[in-house]
Amino acid sequence: MTIPRLELMACCIGARLVHSVYAALDVPDLKIIAWSDSMVALWWLKNHGDWSVFVANRVNEINSLVPSQFWRHVPGELNPADLLSRGISPSFIFRLSLGEGPSWLLEPPSNWPIDHLACETSEVEREKKES
């Protein structure tokens, strides 16, 4: 499985979790924002295309659980989930408060990272449905 497909699966698992928690809380006015650092997965979610069966099925499921307008991009350098892939030491992890999330989430949404979806078109196009 390719990295973009795995990232799309991560969005799918996240959407399932968000949907379950939202349903359990039963708070209809709760605003949902889902984050991903995968520009390719977000491109598939936000741009209607004629995708391969695998991508199309995941995109349809994700959008039925958490519609595409609620998805935002977090740059990798601002994503605390990416710390290990950037080679930090295990001792550094214990000093972090990962349960608090990134500090910029405490600021108004106008100060959050701006969505600039620009991805490698070859990665996106690889999943176009063959005609």
message: Please list, ordered by chain and number, the residues whose modelled amide H lies under 5 Å from the amide H of ASP37; skip anything fewer than 5 residues away on the same chain.
response: VAL74
message: Leaving out ligands and nucleic acids, and using a 1.4 Å probe, what accessible area per residue does the chain come to in Å²?
response: 65 Å²
- line: To the nearest 10 degrees, the tilt of helix 53-65 (Cα long axis) against the first principal axis of the alpha carbons of the chain is 50 degrees
- request: Could you pull out the longest piece of the chain with no exposed loop trypsin sites (Lys or Arg not before Pro) in it, calling a site exposed if DSSP puts it outside H, G, I, E, B and it has at most 12 other Cβ atoms within 10 Å?
  value: 32-128
statement: What one gets for the range 4-45 as the Kirkwood radius, inverse of mean 1/r over different Cα pairs in Å, is 11.2 Å
task: Can you send over the carbon and sulfur percentage of the accessible area for the chain, probe radius 1.4 Å, protein chains only?
output: 58 percent
message: Bins of 5 Å, beginning at zero and ending with the bin holding the largest distance: percent of Cα pairs per bin for the chain, please.
response: 2, 9, 18, 20, 19, 16, 10, 5, 1, 0, 0
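The values are calculated or read from the model by the stated rules, or taken from the named source; none is laboratory data. Because the structure is a prediction, the values reported are computed rather than measured. With ideal geometry, Cβ positions are generated from the backbone for all residues, glycine too; neighbour counts draw on all protein chains shown. Areas reflect the complete protein model, heavy atoms only, side chains present, ligands, DNA and RNA absent. Shrake-Rupley method; radii C 1.70, N 1.55, O 1.52, S 1.80 Å.
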